[in-house]
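A quick write-up on the structure given underneath.
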Amino acid sequence: MEPAAVDDRQELPVHHHAPLLYAGFWRRVAAWFIDCLIFSVIAGILVLAFGTWLMVPWVMLGGDPDPTMTRMVDIALLPFGIVVVWLYYAVCESSRWQATPGKLALRLRVTDEYGARTSFVRATRRFFGKFVSTLVLCLGFLLIGWSARKQALHDFMAYCCVVRKAGLNAWHREQTSQSGSIPAAVAPATRTVMPGWAIALVVISATFFIAIPMLAFLAIVAIPAYRGYAVRAEVSQGVDLTARARALIGEYIGVRGTLPDSNADLGLPRPEAMRTRYVTSVRITSGRVVVTFGNRASPAIRGGHVVISPEGNALMLHWRCRSPDIDVRYLPRQCHD
């Protein structure tokens, strides 16, 4: 029976024994800042493309991209933005570069604890470990200044190190000179069943299959449903604005036995003075209250009217609500009959 294979790779030395090997805190911060600029542009372009894909058809169909709708789209696209940033880090750090563009600019590399190229899975674990480093009041990042290999908490979680390229090459040369052969840490890695780029392709494809149906549902169901609710709320505010006028009309009928012809008959301000965010006027004519919508009202009701008419007598007075030019689906329930 053959003895079990022994991993004879040499672990990276501690910072005390190799002071020029590891990347310090501020050098890593500078690399992070460069990466932020780059992936912000990438994520911004992709998110804008998906947002435009969603918003343009809606606007062409007569929709109004109000701020609330825009926020809903932003929330829906947030997971997609996280996926973009994750792949940016995981693919770059597990590639032959062993670094993101920011780290490349500062000649830094991400390796395992043996100085070898890290895998896509390990790079993924390192990326999501950054959320843990942040949740502990960012103390996970400060470990860089205290740990033996200048590792942050997410580096420990993924068994990774961030090193300087020159220092890593010097350490490799030292190991080669001592052993007389290429150390195991720098020997070409055998190809896994699925390389990192293939995993990334699978993840991207899965993301599209998840993101596109979600955006389609948002465009077809969620946003129209919310929009209908928002427009009905605007109409309801206009109807509620007539409460005082209706009370005065009831009193007027009870005292005089006739219907008022104008706002002045009830002591109300002129119609244009009775305006709100969604209403341009409230006019009394032949006992009816006519609400005209405008200002910041939705295009679906802008310029439209709701007419509230009294029915019965002073003892049993009822109000009938209708609209000659607003779709019934946007009217409050009491206006449906």
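The values are calculated or read from the model by the stated rules, or taken from the named source; none is laboratory data. Remember, it's a predicted structure, so these values are computed and weren't measured experimentally. Cβ sites come from the backbone with ideal geometry, for glycine too, and all protein chains shown count toward neighbours. Surface accessibility is based on the protein's heavy atoms, side chains included, excluding ligands, DNA and RNA. Shrake-Rupley method; radii C 1.70, N 1.55, O 1.52, S 1.80 Å.
Overview of results
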item	result
Segment LEU317-ILE82, length gained on full extension (0.36 nm per residue, minus Cα span)	78.7 nm
In order through the stretch 281-291: 3J(HN,Hα) via Karplus (6.51 cos²θ - 1.76 cosθ + 1.60), integer Hz, x for Gly, Pro	6, 10, 10, 9, 8, 6, x, 8, 9, 10, 9
Full-extension gain in nm, ILE34 to PHE128, via 0.36 nm per residue minus C-alpha separation	31.9 nm
THR280 long-range amide H proximity, modeled H, under 5 Å	THR292, PHE293, GLY294
Amide H contacts under 5 Å for THR285, placed H, 5+ residues apart	VAL290
FRET efficiency estimate (nearest 0.05) - Cβ-Cβ, TYR114 to LEU135, R0 30 angstrom	0.55
In nm, spacing of pseudo-spin labels at TRP146 and ALA105 (7 Å Cα→C-beta vector)	3.1 nm
Ranked order, TRP86, TRP319, TRP146 - accessible area, probe 1.4 Å, largest first	TRP146, TRP319, TRP86
Derived scalar couplings ³J(HN,Hα) [the stretch 166-177; Karplus, 6.51 cos²θ - 1.76 cosθ + 1.60; whole Hz; x for Gly, Pro]	5, x, 5, 4, 5, 5, 4, 5, 5, 5, 5, 5
Ranked packing of 151-162, 25-36, 94-105, 253-264, most packed first, by mean Cβ within 10 Å	151-162, 94-105, 25-36, 253-264
Karplus-derived HN-Hα couplings along the stretch 266-279 (A = 6.51, B = -1.76, C = 1.60, θ = phi - 60°), whole Hz, x at Gly and Pro	9, x, 8, x, 4, x, 5, 7, 8, 10, 9, 4, 10, 10
Extension reserve of the ARG333-GLU251 stretch, reckoned as 0.36 nm per residue once the Cα distance is removed	27.0 nm
Viscosity 1.567 mPa s, 4 °C: Kirkwood-radius Stokes-Einstein D of the stretch 280-337 over Cα pairs, µm²/s	106 µm²/s
Amide proton proximity set for ARG320, modelled H, under 5 Å, gap of 5+	SER309, GLU311
